[in-house]
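Please read the structure below before turning to the comments.
Each value in this text was obtained by applying a stated rule to the coordinates, not by laboratory testing. Bear in mind that the values here come from a model prediction, so they are computed numbers and not experimental data. Heads up, the Cβs are rebuilt from the backbone with ideal geometry, glycines too, and the neighbour counts pull from every protein chain shown.
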Amino acid sequence: MSEKIVQLNEEVIKGQLKELVRGSVEETLNALLEQEAEKLTQAAWYERNEARQGYRSGHYSRNLTTTSGDVTLHVPRLKGVSFETAIIERYRRRESSVEEALIEMYLAGVSVRRVEDITGGSKVSPATISELNKKAYVHIEDWRNRPLQGGRYPYVYVDGIYLRRNWGGEYENVAVLVAIAVNEDGYREVLGAAEGMKEDKASWVSFFQWLRGRGLDGVKLVVGDKCLGKLEAVGEVFPEAKYQRCTVHFYRNVFSVTPRSKVKLVAKMLKAIHAQESKKASRKKAKAVVAQLREMKLKEAAKKVKDGIEETLTYCDFPSEHWTRIRTNNVMERLNREIRRTRVVGCFPDGNSALMLVCARLRHVAGTQWGNKKYMNMRHLEVTLEDTSIAG
């Protein structure tokens, strides 16, 4: 039996769908106008009753441009009663909400070309998008600078992500510093994001001081990659907090001096270090791994493990129930993947645009993907701190 191949003309289908939506909008608006006229006159067409307030006298046409295309409204003419329809104004408000949806799509990382596809092929210029974004920026900036009211934040995850921007006619990368945390009730929260220019100590100190000024308190552990400026800034602004170097970043650093053929084996060796039941056992395992790496003639890898292993074991001072979630910066890595979706817009016109887009994406992810799901049971931390206090 021969198979028939059905070929679809995408442009024709798009056109038909657009016309279907336009027709539906037109039909719905005209039906609403008729309902409003009937309500005002308190009678249907040709109906005679004592409550009747006015009479129909045909219609007049009025064009209305909508995001679905131009529609023709058949506005009822009435005698004996004033017909001032509120439907068109309500639709205009709806059109405003469509405009807001365009802003949200753009801020969520949807490209201008994709926005045009979604809106049925209508051209959306960068200038138009810029004007739309200004409406959203005020709300985003309010959110970015909101007081932190989650109580105390024992665990804080920090990272910097680079985006490209146009600065004085020249293109350069700008770092957006991002922090999220787990509050004392066990829920994740985006603390904030700020432009950092470079990931140096001054940028991180300023960032941490800004967070502290907004209410960041009770920090017990900061999780991030090995960035000297970041480490020094944590010690300066949060001297009571400990620092956990992300084990995944640590592994990558070791892999950078490991032959590709040996990476899988070395990965198993490194993971074995962090699979131990205590810090003492992990240290012992690390010594064995260093010795094994030397036997494998991987001297540089052995040195990196020996020099850096201790800063990856800070998590052992906290509840074992939390270890898998505080020894890596994976929660931030996943968030950064969402942030990188904003790169579809190309080069940002300025640092503020990049920052606003990142913040909008952060707020979107936190509000839609995290929901009200508890990330950790913080009772384990309370018990550990109580035990430590008693032992001290």
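Sequence gap at least 6, Cα distance under 8 Å: using those rules, report the relative contact order of region 216-367 to the nearest whole percent.
Worked out over region 216-367, it gives 23 percent.
Tell me, in nm to one decimal, what length is gained between Glu19 and Lys279 on full extension, where the rule is 0.36 nm per residue of separation less the Cα-Cα distance? Numbers along the way, then the final one.
Working: separation 260, 0.36 × 260 = 93.60 nm, distance 6.68 nm.
Difference between extended and current length: 86.9 nm.
Which of the GluC sites (Glu not before Pro) across region 246-314 are loop residues per DSSP, with 10 or fewer other Cβ within 10 Å?
Working: sites: Glu277, Glu295, Glu300, Glu310, Glu311; in loops: Glu277.
Qualifying residues, ordered by number: Glu277.
Beyond 18 Å between alpha-carbons counts as too far, so tell me which of Lys220/Lys285; Lys198/Lys220; Lys279/Lys303; Lys262/Lys297 fall in that bin. Don't jump to the answer; show the numbers that get you there.
Numbers: Lys220/Lys285 26 Å; Lys198/Lys220 26 Å; Lys279/Lys303 20 Å; Lys262/Lys297 11 Å.
Beyond 18 Å between Cα atoms: Lys220/Lys285; Lys198/Lys220; Lys279/Lys303.
Between Leu265 and Ala366, what is 0.36 nm times their sequence separation minus the Cα-Cα distance? Round to one decimal in nm.
32.7 nm
Using alpha carbon centroids, what distance separates region 267-291 and region 178-235, in Å?
Taking the Cα centre of region 178-235 as reference, the centre of region 267-291 is 29 Å away.
How large is the dipole of region 260-321 about the Cα centre if only Lys and Arg carry +1 and Asp and Glu carry -1, each at its Cβ, rounded to the nearest 20 debye? Walk me through the numbers on the way to the answer.
Numbers: 17 positive and 8 negative charges, 103 e Å.
With only Lys, Arg, Asp and Glu charged at Cβ, the dipole is about 500 debye.
Give me the net charge of Leu231's neighbourhood, meaning all other residues with Cβ under 14 Å from the Cβ of Leu231; Lys, Arg count +1, Asp, Glu -1. Don't skip to the end; give the middle numbers.
Working: positive: Lys201, Lys226, Lys230, Lys242, Arg245; negative: Asp159, Glu199, Asp200, Asp225, Glu232, Glu236, Glu310, Glu311.
Net of charged neighbours comes to -3.
Within region 212-262, list the GluC sites (Glu not before Pro) lying in a DSSP loop whose Cβ has at most 16 other Cβ atoms in a 10 Å radius. List each step's numbers first, then the result.
Working: sites: Glu232, Glu236, Glu240; in loops: Glu240.
Within region 212-262, the qualifying GluC sites (Glu not before Pro) (loop, at most 16 other Cβ atoms within 10 Å) are Glu240.
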